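The values are calculated or read from the model by the stated rules, or taken from the named source; none is laboratory data. What you see is a predicted model; the values in this text were computed from it and never measured. With ideal geometry, Cβ positions are generated from the backbone for all residues, glycine too; neighbour counts draw on all protein chains shown. What goes into the accessible areas is simple: the full protein's heavy atoms, side chains included, and nothing from ligands, DNA or RNA. Shrake-Rupley method; radii C 1.70, N 1.55, O 1.52, S 1.80 Å.
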There are 2 protein chains.
Amino acid sequence: MNTLSYGLLGLVARKESSGYDLMLRIQPFWQAKHSQIYPLLASMEDKQLLSSYWVQQNDKPDKKIYAITEKGLQKLREWMYQPIAPAVTKDELSLRTFCLWLAEIGVAIDIYEDRRSIYTEKKRFFENILEGIPEDSREFGSKTFSNYILATKGLMLAETELKWCDWVLSLLKQHQSSSSGQS
Amino acid sequence: MNTLSYGLLGLVARKESSGYDLMLRIQPFWQAKHSQIYPLLASMEDKQLLSSYWVQQNDKPDKKIYAITEKGLQKLREWMYQPIAPAVTKDELSLRTFCLWLAEIGVAIDIYEDRRSIYTEKKRFFENILEGIPEDSREFGSKTFSNYILATKGLMLAETELKWCDWVLSLLKQHQSSSSGQS
DNA sequence: GGGCCCATGTAACTTGTTACATGATTAG
DNA sequence: CTAATCATGTAACAAGTTACATGGGCCC
């Protein structure tokens, strides 16, 4: 069982869901495609950690709902006592930043403005989630406590990234104006 | 050519380096093992984007230093005009947080305290880097400008993660004391 | 004497991506 | 009429990890 499998198991444990829905809900924390998720769910069903049933829908394709089994819940509880792997971040922007010295300043500004708008959107995304969590669902012990603290983290990080973009842009624009007319 | 290859090319372009050194320097921005990096460097040499020579050392194993070629530099410049992929983050802690409702509060506290000390260390790491960058090496155009803005970002993010851990811990401890004696 | 750092490399495996395959409904 | 969303799945490939392999110097 890999980490993603446990993540899916954890989501199903809180609320039975379709593979498609799990794929969407796990995105903010673990970017995985449906083509990776569907086979994992199937193999967890083979191992009897999950059970499933089909739900017919009109106007939409039918969906397969997964629920956690007692065995799956047991497996999840054990997982809670295992050591936690450090976070892995892979951001092409950082690698691109290594090479900023060989780009024109206009290109550099475009790069960080693009990133700025991505994080503005991300900030809004987490703000919306937080607005949807009522005060009485924010205490430890409730299943939504996780949502509350994770959305808060997402928001805080998005704000920090935004602040950084603004700061970088201010440095770049300052340089641009101070050296205007020199080229 | 994948993203990691361009990242390595970008580092070599700023300073010729051994594979081992590149492996260490790229860690904060792209976690890759030496077993992935060495073959990539070899294949880039095959494509004549890099050249190499051996340096003999006493007391340490000999090392192979890579330098960028004109063709490699050309390739890097082209890369600067390509679209940038969004950041990918995979943090087991987030997935573990989904399942907090089925853990005891003591276990939860341990988890976030562990993470707290990791980010305290990370903060120090970036602070040290920043201290090593003199004022006059912080302007756009210099190769160290990248180091300056990336280290600043690393520091800002580490501080945010730290603040979040502290906040989560305060919620957990508050809950712990308010419900003490109830179990 | 045990373990870490330096330094390079390969082999076997797992994880993750892209592309293929299907198809109805809805919004612009 | 074009694209997106919902919904599931597989096949081929690329990316990344773990383990194997070697070996001197240094610190405790």
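Remark on the protein assembly as shown: ratio of C-alpha radius of gyration to 2.2 N^0.38 Å is 1.14.
Shielding by partners for B:140-153, please: the mean number of other protein chain Cβ atoms within 10 Å of each residue's Cβ. The shielding value for this peptide is 6.
What you get for the stretch A:1-132, charging only the Cβ of Lys and Arg (+1) and of Asp and Glu (-1), is a dipole of about 380 debye around the Cα centre. Shielding by partners for peptide A:156-164, expressed as the average number of C-beta atoms from other protein chains within 10 Å of each residue's C-beta, is 4. For A:His175, the accessible area of its heavy atoms, probed at 1.4 Å with every protein chain present, is near 50 square angstrom. Coupling constants for the stretch B:107-113 follow from the phi torsions by the Karplus curve (6.51 cos²θ - 1.76 cosθ + 1.60, θ = phi - 60°), and in residue order they are 5, 4, 4, 4, 4, 7, 6 Hz; glycine and proline get x.
Of the chymotrypsin sites (Phe, Trp or Tyr not before Pro) found in the stretch A:13-86, those in coil by DSSP whose Cβ has at most 16 other Cβ atoms within 10 Å are A:Tyr81. The share of accessible area on the stretch A:3-79 that comes from carbon and sulfur is 51 percent, using a 1.4 angstrom probe. The residues of the stretch A:11-36 listed by number as losing at least 50 Å² of accessible area in the complex, against the isolated chain and with a 1.4 Å probe, are A:Phe29, A:Trp30, A:Gln31. D for the stretch B:3-79, whole µm²/s, Stokes-Einstein with Kirkwood Rh over alpha-carbon pairs at 4 °C and 1.567 mPa s: what number? Calculated translational D: 103 µm²/s. For the stretch A:92-178, the convex hull drawn through the C-alpha positions has a volume of 98 cubic angstrom per residue.
Net length available on complete extension from A:Tyr20 to A:Asp166 is 49.0 nm, with 0.36 nm assigned per residue and the Cα-Cα distance removed. Charging the Cβ of each Asp and Glu at -1 and of each Lys and Arg at +1, and nothing else, the dipole of the stretch A:92-178 about its Cα centre rounds to 160 debye. Working note: 222 nm ellipticity from helices only, DSSP H runs with n ≥ 4, each -39,500 (n - 2.57), summed and divided by the residues of chain B, gives -20500 deg cm²/dmol to the nearest 500. The GluC sites (Glu not before Pro) of the stretch A:86-141 that DSSP puts in a loop, and whose beta carbon has at most 15 other beta carbons within 10 Å, are A:Glu104, A:Glu139. Peptide B:98-109 is shielded by partner chain Cβ atoms: per residue, an average of 6 of them sit within 10 Å of its Cβ. Put simply, the C-alpha atoms of chain B give a gyration tensor, and the ellipsoid matching it has half-axes of 41, 19, 17 Å, longest first.
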